[in-house]
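Note sheet for the following structure.
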Amino acid sequence: MHLFLDTANIEQIRHAAKLGVISGVTTNPSLLSLEGRSDYKAVILEICSIVSGPVSAEVLSHEVGSMIEEAREISSWSPQVVIKIPITPFGLEAISILSKENIKINLTLCFSVNQALLGVLAGATYVSPFVGRLDDIGHNGMELVAEIVQIFAHYNFSTQVIAASIRHPLHCVAAAKAGAHIATVPYKVLMEMTSHPLTTAGIARFREDWSGISQEAKQEK
Ligand code: E4P
């Protein structure tokens, strides 16, 4: 399973990229607005300069013609750019045209197997089931990921499943168990994934024991 970082924060992306564990980035209009930057193109290009993999950037239009125009414009910014399009009838129409132009699409705001299937049939490269948002309304988001993965494997679809709206490290474990190709994680979750109290305690104990023996060695000299 691959990990993408789900953020538009440049410092977080720089740090995560240094760890060598993320192979792409996903953004959305809410994440961009958190950064207080309106220079959409500049932010996306900066992200592309930090990571070498796919960078998802979402269209803001809702009508098919303007969605297609916007997607063509955004995808011309960099070969790394993947266009995020919400699953709506307009979205599907746009995906079916754009995918024939070899523009990569990430079907976003996916909350059902049927929506994922329609995304594949229209030509999406990725589908993103939103796990946390389903959990929030009392559904099991990870069950949806598992069902989509199973159906895609059954038909040998090449479309990849991105487990999105990840809220905590256990979501990542569940996404891996479900066979998601990718999990896109917020920076906070990535950092939580690195830590375990026994690792922290173990490092402290090793340092303490080693400083004891090196003190003794110094005294013997
Ligand atoms: C995925 O591509 C989305 O940007 C993201 O995972 C949404 O997460 P949220 O539900 O925490 O906003």
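I'm checking my understanding of the structure. Among residues of region 39-75 that are hydroxyl-bearing (S, T, Y) and within 27 Å of H181 (Cα to Cα), which one is surrounded by the fewest Cβ atoms within 10 Å (Cβ to Cβ)?
Taking region 39-75 and keeping what is hydroxyl-bearing (S, T, Y), we get 40, 49, 52, 56, 61, 66, 75.
This time we only want the ones that are within 27 Å of H181 (Cα to Cα), so: 49, 52, 56, 75.
Working: S49: 13, S52: 11, S56: 27, S75: 20.
Per the stated criteria, the residue is S52.
Which residues, counting only those in region 7-35, are over 19 Å from S128 (Cα atoms), within 14 Å of the ligand (Cβ to nearest atom) and not β-branched (V, I, T)?
First pass over region 7-35, keeping only residues over 19 Å from S128 (Cα atoms): 9-21, 33-35.
Filter again for within 14 Å of the ligand (Cβ to nearest atom), leaving 9, 12-13, 33-35.
Listed by number, the residues that qualify are N9, Q12, S33, L34, E35.
Is it the case that some residue within region 124-138 is within 16 Å of the ligand (Cβ to nearest atom), open to solvent by less than 80 Å² (accessible area, probe 1.4 Å) and farther than 26 Å from A8 by Cβ?
yes
Please go through region 152-166 and pick out each residue that is on the phi > 0 side of the Ramachandran plot and open to solvent by less than 50 Å² (accessible area, probe 1.4 Å). Even if it seems obvious, please write down each step before you answer.
Residues of region 152-166 that are on the phi > 0 side of the Ramachandran plot, as a first pass: 156, 165.
Scanning region 152-166 gives a single hit, S165.
So which of V173, V149 ends up being more than 16 Å from the ligand (Cβ to nearest atom) and buried (at least 20 other Cβ atoms within 10 Å of the Cβ)? Walk me through it before giving the result.
Details: V173 fails: buried (at least 20 other Cβ atoms within 10 Å of the Cβ).
Just one listed residue meets the conditions, V149.
With more than 16 Å from the ligand (Cβ to nearest atom), touching a helix residue (DSSP H, G or I) at 6+ places or on another chain (Cβ under 7 Å) and without any contact (Cβ under 8 Å) to a residue 24 or more places away in the chain as the only criterion, which of S49, S61, S38, S76 stands out? Step through it out loud before you land on a result.
Working: S49 fails: touching a helix residue (DSSP H, G or I) at 6+ places or on another chain (Cβ under 7 Å); S38 fails: touching a helix residue (DSSP H, G or I) at 6+ places or on another chain (Cβ under 7 Å); S76 fails: touching a helix residue (DSSP H, G or I) at 6+ places or on another chain (Cβ under 7 Å).
That would be S61, the only listed residue that is more than 16 Å from the ligand (Cβ to nearest atom), touching a helix residue (DSSP H, G or I) at 6+ places or on another chain (Cβ under 7 Å) and without any contact (Cβ under 8 Å) to a residue 24 or more places away in the chain.
Any idea which residue in region 176-189 is nearest to the ligand (Cβ to nearest atom), counting only those that are open to solvent by less than 10 Å² (accessible area, probe 1.4 Å) and outside any loop (DSSP other than H, G, I, E, B)? It would help to see each step written out before you state the result.
We begin by selecting, within region 176-189, every residue open to solvent by less than 10 Å² (accessible area, probe 1.4 Å); these are 180, 182-185, 189.
Subsequent filtering for residues that are outside any loop (DSSP other than H, G, I, E, B) retains 182-185, 189.
Working: I182: 10, A183: 9, T184: 5, V185: 8, V189: 10 Å.
Once the filter is applied, the top-ranked residue is T184.
What is the number of the single condition among (1) open to solvent by 70 Å² or more (accessible area, probe 1.4 Å); (2) modelled with pLDDT under 95; (3) of a type in the set (A, V, I, L, M, F, W, C) that L198 does not meet?
The single condition L198 does not satisfy is (2).
Output the residues belonging to region 129-170 that are touching a Gly at 6+ places or on another chain (Cβ under 6 Å) and more than 23 Å from K104 (Cβ to Cβ). First the steps, then the outcome.
Taking region 129-170 and keeping what is touching a Gly at 6+ places or on another chain (Cβ under 6 Å), we get 131, 134-135, 149, 165, 167.
Within region 129-170, L134, D135, R167 qualify.
Residues that are closer than 27 Å to P169 by Cβ and of a type in the set (S, T, Y), at least 1 per element: which helices (runs of 4 or more DSSP H) completely within region 1-65 meet that? Show your work before the answer.
On the way: elements: 10-19, 29-34, 40-50.
Result: 29-34.
Based on what the data block shows, is E192 charged (D, E, K, R) and within 16 Å of the ligand (Cβ to nearest atom)? So that I can check it myself, show each step before the final result.
Working: charged (D, E, K, R): yes; within 16 Å of the ligand (Cβ to nearest atom): yes.
Here the answer is yes, as E192 does meet what is asked.
How many residues are in contact with an Asp or Glu (Cβ under 6 Å, 6 or more places away or on another chain) and farther than 22 Å from I166 by Cα if we restrict to region 27-86?
The total comes to 2.
The values are calculated or read from the model by the stated rules, or taken from the named source; none is laboratory data. All values reported here derive from a predicted model rather than from experimental measurement. When we count neighbours, we look across all protein chains shown, and the Cβ atoms used for this are built from the backbone with ideal geometry, even at glycine. The accessibility values were calculated without ligands, DNA or RNA, using every heavy atom of the protein model including side chains. Shrake-Rupley method; radii C 1.70, N 1.55, O 1.52, S 1.80 Å.
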